[in-house]
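Heads up, the thing below is written out as structure tokens.
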Amino acid sequence: MTDTAAPAQKSGIRMTGAFHRLLAFSGLIALVVVFSVASPNFMQTQNILAILQATAVNGVLAIAVTLVIITGGIDLSVGTLMTFCAVIAGVFLTYWGLPMPIGILGAILAGAASGLISGTVVAKLKVPPFIATLGMMLILKGLSLVISGTRPIYFNDTPGFNQIALGSVVGQIIPAVPVPNGVMILFLVALLTAFILGKTALGRYTFALGSNEEAVRLSGVNVDRWKIGVYALSGAIVGVGGVLIASRLNSAQPALGQGYELEAIAAVVIGGTSLSGGRGTVLGTLIGALIISVLANGLRILSVAQEWQTVVTGTIIILAVYADILRRRKL
Amino acid sequence: MTDTAAPAQKSGIRMTGAFHRLLAFSGLIALVVVFSVASPNFMQTQNILAILQATAVNGVLAIAVTLVIITGGIDLSVGTLMTFCAVIAGVFLTYWGLPMPIGILGAILAGAASGLISGTVVAKLKVPPFIATLGMMLILKGLSLVISGTRPIYFNDTPGFNQIALGSVVGQIIPAVPVPNGVMILFLVALLTAFILGKTALGRYTFALGSNEEAVRLSGVNVDRWKIGVYALSGAIVGVGGVLIASRLNSAQPALGQGYELEAIAAVVIGGTSLSGGRGTVLGTLIGALIISVLANGLRILSVAQEWQTVVTGTIIILAVYADILRRRKL
Amino acid sequence: QDQVDIALISKGFQHQFWQAVKAGADQAAADLGVSVTFEGPESESQVDRQMDMLAAALSREPDAIGFAALDSQAALPLLQQANDAGIPIIAFDSGVDSDIPLATATTDNVAAAALAADVMAEKIGGEGKVAVVGHDQTSRTGIDRVEGFVNRMKEAYPNIEVVSIQYGGGDQLQSTEITKSILLANPDLDGIFGSNEGSAIGVANGKQELGSDVVVIGFDSGAAQKGMIESGVMAGAITQNPVGIGYQTVQAAVAALNGEDLPKVIDTGFYYYDATNMDDPEIAAVLYD
Amino acid sequence: MGGSTIDAAARTVPLVEMRNIDKSFPGVRALSQAQFELLPGEVHALMGENGAGKSTLMKVLSGVYDRDAGEVLLDGKPAEITSPRQAQDAGISIIHQELALMRDLTAAQNIFIGREPRRFGILDERQLNRDTDAIFKSMNLSLSPTVLVETLTIAKQQMVEIAKALSYRSRVLIMDEPTAALNDAEIAELFAIINRLKAEGVGIVYISHKMDEIKRISDRVTVMRDGEYVGTVPAAETPMETIISMMVGRTLNTEAHAIPDTSGQPVALEVKGLNRGREIRDVSFSVRQGEILGFAGLMGAGRTEVARAIFGADRKESGEIWVHGERVGITAPRDAVAKGIGYLSEDRKLFGLATGMDVRNNIALASLERFTNPAGVLDEAGMEKSARDYIRQLAIKTPGDTQEARLLSGGNQQKVVIAKWLLRDCDILIFDEPTRGIDVGAKSEIYKLLNNLAAQGKAIIVISSELPEILRLSHRIAVMCEGRMTGILPGDASQEEIMRLATMREAAMRPDAERKIA
Ligand SMILES: Nc1ncnc2c1ncn2[C@@H]1O[C@H](COP(=O)(O)OP(=O)(O)OP(=O)(O)O)[C@@H](O)[C@H]1O
Ligand SMILES: Nc1ncnc2c1ncn2[C@@H]1O[C@H](COP(=O)(O)OP(=O)(O)OP(=O)(O)O)[C@@H](O)[C@H]1O
Ligand SMILES: [Mg+2]
Ligand SMILES: [Mg+2]
């Protein structure tokens, strides 16, 4: 069926990809249709942009977690790491007055460094990822408060910083579709990550590790090094998320972030990535993140009482994953 | 080494158990020693009782999660389920004015019912436990708010209700050690669960499922039924936790609970239960829960700044699990 | 001789409001030469965590305790225990339904939110549609502020309709998304009230992102909110006096230890502030960054 | 292979010398003073009963395990091999007994893991697939490089493992039971490859429990027993009986194959018109009480599928199953077990054992109800007694009934699974490759056991890829090809007759027939 597809894609984006992706999209489309019918306000350009904007941060975090989950791990620290990276950007730019690119780089490197530590704890000390990243989640949460002096750091002295997420380069070119930069960054991160997963050795080992780590080790591959690499890359992506949220709020909020990890993981799994590792796609994760955003937005647009929003979201998460399972079984 | 131990214990509580338990205790003892030296206030009876009291709820939740984790699953819904059960008790006792035993039973049955649903979603629909219970976590969170009318339900009309956790039957007999009933209930739950795990068919299947579910299925065992049974039992135990917290606060607080699941899981893993299933002990979980409580209490007694408390706790969680891994490797 | 040791158990920790209370307490500690610790649970729903903190504080045998009860009933047994041990207790932020606290340094949240409603009504001309982005659906402050606002609207302004009440947990990002949804679902909305700092900033962010001209009334202060009021994104906000709450709590505790008589209630007050009065010394004193 | 090879080799420096190797695991002394030597261009068989330490010795050589004591010499020089990578660099590659493949990757990606061709840092998937195809072609293997490994049968997976080992172009190639999952044609292909490598001067360590293979392929045989070195003998000159007695420390008597008349016995299991996709097409047969029905066929013939469908492990599309003259509906394994059917699967690690649990519980796993009182409490003493009985009966080599199953050698794990079904006391037993990876001594015990069970009136189906085994055991032989049952032969049929039915294909197999994902 997919004999015509480039062989290179087959493992990363899987053979059954084309069809599966279509069906995964269908869940998203179903939601969109339901909400469009239910409320005339849903299908406005403004609202679509609002949904995309709302997806940016969670989408980036979810992509970061996707990498770790494909190796068969999990990352509970993405939420607080995001905040930590935002705080680092704040310290660099506002406290130390460094130029903007350095602040951004600092945040991304801080993310990578934290990923490096998590990865090392997982790979070298053999601490299960769940625990290693749970510990990191707490550590980073505390450190964000310590470093920021338990108060938000504002980026008022760095003009243009909030354009990173809120400005619209696209809008300057095509005024009709002012897609915010934050959303474009999400897509860029997605493309880059998909490329790494599909075309590079790091990507290959990401899948291999999740598939059968012992076999990779027996094949003479330096499993630890690659695993640490995946966590570091994932951390760097979280760093991008940190920059995005800081830019969006024009401040680094040290108390924010906990709880974001579960939403990110939910997006990943709704997107068809297996929690047992070895399989997953960036596109799926994007769709998963969109499903969550559309759901939240739609329920709010419909003014569903908040307590019921939670109930509906929980139900849809289960149903979405169940639908994905049914789909796979049929294939 | 443990040839003298009753053979019945060997599989459930494992051969290397005695030695391992001793070493697991050593982490707890080390913490206690450090805090005792650092602060004269730590080793007072009052404070010890406070620590035990603080362990009661988390301990019960952790025991509930232990069961699910041994089957190779995970349960993210214990925190909000606890609250849901507390709210059910509140509705039965305060809104409907039913007698106390019925309120307690209602809470426990509500827990079992929720576990039954989670278990069914996991076993029959094959939704991964992480997602099934993440969904349940949200659903239960919303339902608690809906049922309670988004405000706390007080148990003022049920005199004696807060004696369930706060009273001390032991203290009435031996006034010198007024161990609160909540703590005794924790120990009772622990004993009962250890018995079920070690001596009954349900317990044996709990381990077998976590070890190799497919092999169990191919042995002609009704895997789904037993798995659902484990989740239901786990839910019932969470129900006990719900009663405990409601009694302790003399109220059902509908917004409480989220985040408690991670603490419970941390206790389980610190206690040496493997997240990949197939092995684990109730005693270990108790020790894990105590380590967490002692840590939180000790840091507070020492007046460590709150942001640093988080950092230290995260670090100790990682180190505790690492120490456990080192210990196993040596055995 | 050791310093006088006062343990403050608050309702929260990371949020700016509580950090401002802490700053006031620390200031008083420095002024009065006592030592103060400050601790609070992560969210205002974690009643039992607050109990554990209070229990640990009691074990430390402090000279006095300041306590902001998340749930006044739940705390009673421990407060009784403290009372029995002869430790004076000062309540702050919200009161405790009990005689045990010697004094309570507090703000009337219901009245404060009602003031927000009055200002809102005035700004939108006494009629139209408004919405509320709350910070917590179940905590005392969360309920009081939302109800204070909504009830005042119902009673005093029949032509104003509260079309939507949603909760963002005080999380700025979530509050931003909620605000955008509310605005998109109600294009003819006239005003939004954000019930604490995070909610208010989120509301203003959402307004800015959509380029809406809805009237925003906030609550609490902080550098961001002050900046938004200066720039006109936010019309104004209600502030309590958190620094004062912290300061007076410690002051009252020291007074109690010295055997002085205390008033039962220390009203720390609340104020409406906007671009016109922000720099008044009286107002500037209660605003915090 | 004449003595000349050995004479010539005797003068050359050995590729590998292992001296006085010790290796212990918790509670088990796996190797003690073990010796081994491998010459260039030699096929050196390593033999011994299950648990003798063969795999462990080779894992020490290939850097998987660190030895506790002893010396390893490569080309006469002392060498330290502490990781698989170092072994590869030293020119040593190994095909592990337990398959070690990444199921979610393609065959090509598996083979070149860690050595992917790259261009400008980017993986060159085209090159990867071309290289893989070349290896497959050289093995006469019709397999697409881009097929996902998880969709392959065990046999094909084994072929991928072999291809992977070959791709290293090593000087030392260790094969740990490479043919356990292969059929005769594939084995012949493998032997051709071995002979080619031999001619190139590669030294090959060959571990197998199949005696005929040892004779066919190897130059010398080293025998191990209980982790110790027993001796090294030339393969051609040494009678099989001698080697076997070196292995087991005694001589085995192989009984003649007696076929009892079971035609008068009632039919225990009857299958009518079983169907499922392309794997099972209109399969009908019956087994009588006291009868052993052998299932022969080439790899992928569908025998496992039939067994799993009968047992309820997989769904079936149509077909009837009759047990003791009564039509039964079986939709899950528990239905089958309730009707007295037991199934011993071909992949014990994946489907047979709860590897983290101990031997006792694995044996009792299918019979827990029997040991449970009405309150749900287990009769642990009863379980222990039963487990010990079977450990004795089947001579399972384990320190005790509380040893974790994963710590047993492959063969002993298999025996534990057999014990599970014996304890369950099923009267219809389906054995799928019951002696895969089991040594001669144990094999003849298991044969005896199967015969005894049949004599007790049990109906037995034995699926095996080893024709001698089928011929040795079966009262009747059912042959399958491409999902269809092509014939049922009497137990004294000839190998040729079986092979003729096993290759009665409908159409020539398409080269990509194993790619099932459509
Ligand atoms: N990782 C391990 N931990 C503990 N014991 C082990 C381990 N690996 C092997 N053993 C034990 O070491 C001994 C030798 O095992 P090994 O696998 O080398 O045997 P083998 O000769 O390859 O047997 P088989 O023919 O069944 O494959 C056995 O008693 C086995 O139980
Ligand atoms: N997991 C799988 N996914 C897809 N197809 C499979 C899978 N397992 C087996 N098949 C296919 O099903 C058919 C029957 O395989 P099966 O293993 O039943 O054969 P068999 O006769 O038992 O052979 P063997 O000697 O290998 O056990 C083959 O065409 C095989 O390719
Ligand atoms: Mg072996
Ligand atoms: Mg088969």
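The values are calculated or read from the model by the stated rules, or taken from the named source; none is laboratory data. Source: prediction; values computed, not measured. Glycine gets a Cβ as well: all are built from the backbone with ideal geometry, and neighbour counts include every protein chain shown.
Say whether the condition of being assigned to a loop (DSSP other than H, G, I, E, B), among the β-branched types (Val, Ile, Thr), surrounded by 16 or more Cβ atoms within 10 Å (Cβ to Cβ) and in contact with a strand residue (DSSP E or B) (Cβ under 8 Å, 6 or more places away or on another chain) is met by at least one residue in the stretch D:101-115. Looking through the stretch D:101-115, none of the residues is assigned to a loop (DSSP other than H, G, I, E, B), among the β-branched types (Val, Ile, Thr), surrounded by 16 or more Cβ atoms within 10 Å (Cβ to Cβ) and in contact with a strand residue (DSSP E or B) (Cβ under 8 Å, 6 or more places away or on another chain). Screening D:Gly342 against (1) under 22 Å from the mean Cα position of the chain (by Cα); (2) surrounded by fewer than 22 Cβ atoms within 10 Å (Cβ to Cβ); (3) away from ligand 2 (no atom under 16 Å from the Cβ) leaves a single unmet condition, (2). For the residues D:Thr355, D:Thr304, D:Thr372, the requirement of being hydroxyl-bearing (Ser, Thr, Tyr), away from ligand 4 (no atom under 13 Å from the Cβ) and out of contact with any Ser or Thr (no Cβ under 7 Å at 6 or more places or on another chain) singles out D:Thr372.
Rundown of residues vs (1) within 16 Å of ligand 4 (Cβ to nearest atom); (2) within 12 Å of chain A (Cβ to nearest Cβ); (3) within 16 Å of D:Ile94 (Cβ to Cβ); (4) surrounded by fewer than 22 Cβ atoms within 10 Å (Cβ to Cβ), yes/no style:
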| position | (1), (2), (3), (4) |
| --- | --- |
| D:Arg130 | no, yes, no, yes |
| D:Ser138 | no, no, no, yes |
| D:Thr151 | yes, yes, no, yes |
| D:Ala155 | yes, no, no, yes |
| D:Ala163 | no, no, yes, no |
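Residue under question is D:Leu143, and the condition is that it be modelled with pLDDT of 90 or more, in a helix (DSSP H, G or I) and not assigned by TED's automatic domain parsing to the domain that holds D:Lys443; does it hold? The answer is no for D:Leu143. Applying the condition of being without any contact (Cβ under 8 Å) to a residue 24 or more places away in the chain and part of a helix (DSSP H, G or I) to the stretch B:289-309 and asking which residue is farthest from C:Gly12 (Cα to Cα) yields B:Leu299. Checked across the stretch D:385-402, the condition of being closer than 30 Å to D:Ile207 by Cα, part of a helix (DSSP H, G or I) and within 16 Å of ligand 2 (Cβ to nearest atom) holds for no residue. Regarding the stretch D:290-309, can at least one residue be identified that is away from ligand 1 (no atom under 16 Å from the Cβ), among the hydroxyl-bearing types (Ser, Thr, Tyr) and at pLDDT below 90? No: the stretch D:290-309 contains no residue that is away from ligand 1 (no atom under 16 Å from the Cβ), among the hydroxyl-bearing types (Ser, Thr, Tyr) and at pLDDT below 90. Where strands (runs of 3 or more DSSP E) fall wholly inside the stretch C:79-151, the ranges with 1 or more residues that are within 19 Å of C:Val21 (Cβ to Cβ) and in contact with a Phe, Trp or Tyr (Cβ under 8 Å, 6 or more places away or on another chain) are C:89-93, C:103-106. Looking across the stretch D:36-61, the residues that are more than 15 Å from ligand 1 (Cβ to nearest atom), part of a strand (DSSP E or B) and more than 23 Å from D:Leu99 (Cα to Cα) come down to D:Glu37, D:Leu38.
Total residues in the stretch B:184-210 satisfying the condition of being out of contact with any Phe, Trp or Tyr (no Cβ under 6 Å at 6 or more places or on another chain) and either closer than 19 Å to D:Trp421 by Cα or not in a helix (DSSP H, G or I) (or both): the figure is 5. The residues listed here are D:Ile463, D:Ile438, D:Ile446, D:Ile428; of these, the one that is in contact with a strand residue (DSSP E or B) (Cβ under 8 Å, 6 or more places away or on another chain) and either modelled with pLDDT under 90 or more than 29 Å from D:Ile243 (Cα to Cα) (or both) is D:Ile428. Selection over the stretch D:116-140 of residues that are among the small types (Gly, Ala, Ser) and part of a helix (DSSP H, G or I) gives a count of 2.
Residue count for the stretch D:66-110, restricted to those that are touching a Lys or Arg at 6+ places or on another chain (Cβ under 7 Å) and closer than 12 Å to D:Ala165 by Cα: 2. Working only within the stretch D:282-301, note down all residues that are within 16 Å of ligand 4 (Cβ to nearest atom) and either over 26 Å from the mean Cα position of the chain (by Cα) or among the aromatic types (Phe, Trp, Tyr) (or both). Listed by number, the list holds a single entry, D:Phe295. Checking each residue in the stretch B:98-117 for being more than 14 Å from every other protein chain (Cβ to nearest Cβ) and not small (Gly, Ala, Ser) picks out B:Leu98, B:Pro99, B:Met100, B:Pro101, B:Ile102, B:Ile104, B:Leu105, B:Ile108, B:Leu109, B:Leu116.
Can you pull out the residues in the stretch C:47-57 that are facing chain B (nearest Cβ under 8 Å) and free of Cβ contacts under 8 Å to residues at least 40 places away in the same chain? C:Val47, C:Asp48, C:Met51, C:Asp52, C:Ala55, C:Ala56, listed by residue number.
Taking the conditions (1) within 21 Å of A:Gln53 (Cα to Cα); (2) within 16 Å of the chain's Cα centre (by Cα) in turn, C:Ile217 satisfies each one other than (1). The residues of the stretch B:140-166 that are within 14 Å of chain A (Cβ to nearest Cβ) and in contact (Cβ under 8 Å) with a residue 60 or more places away in the chain, listed by number, are B:Leu140, B:Lys141, B:Ser144, B:Leu145, B:Ile147, B:Ser148, B:Thr150, B:Arg151. If you check D:Ser55, D:Ser83 for being small (Gly, Ala, Ser), away from ligand 2 (no atom under 16 Å from the Cβ) and in contact with a strand residue (DSSP E or B) (Cβ under 7 Å, 6 or more places away or on another chain), only one passes: D:Ser55. Out of A:Leu326, A:Leu290, I need the residue that is surrounded by 17 or more Cβ atoms within 10 Å (Cβ to Cβ) and over 17 Å from B:Leu138 (Cα atoms). Which one? The conditions single out A:Leu290. For D:Arg250, the test of being away from ligand 2 (no atom under 16 Å from the Cβ) and either closer than 30 Å to D:Arg476 by Cβ or at pLDDT 90 or above (or both) is failed. Residues that are part of a helix (DSSP H, G or I) and within 7 Å of another protein chain (Cβ to nearest Cβ) within the stretch B:118-135 comprise B:Val121, B:Phe130, B:Ile131, B:Ala132, B:Leu134, B:Gly135, listed in sequence order. Evaluated against (1) more than 16 Å from ligand 2 (Cβ to nearest atom); (2) within 14 Å of chain B (Cβ to nearest Cβ); (3) touching a Gly at 6+ places or on another chain (Cβ under 8 Å), D:Ala419 falls short on exactly one condition, (3). Here C:Glu44 passes the criteria (1) within 17 Å of the chain's Cα centre (by Cα); (2) of a type in the set (D, E, K, R); (3) surrounded by fewer than 24 Cβ atoms within 10 Å (Cβ to Cβ); (4) within 14 Å of chain A (Cβ to nearest Cβ) except the one numbered (3). Restricting the first member to the stretch D:392-414 and to residues that are more than 14 Å from chain B (Cβ to nearest Cβ), and the second to residues that are more than 8 Å from ligand 1 (Cβ to nearest atom), the beta-carbon pairs closer than 6 Å and six or more apart or on different chains are D:Leu394/D:Lys415; D:Leu394/D:Ala419; D:Ile396/D:Lys415; D:Gly411/D:Ala442; D:Asn412/D:Ile396. Scanning the stretch A:252-275 for residues that are in a loop (DSSP other than H, G, I, E, B), within 14 Å of chain C (Cβ to nearest Cβ) and surrounded by fewer than 24 Cβ atoms within 10 Å (Cβ to Cβ) yields A:Gln258, A:Gly259.
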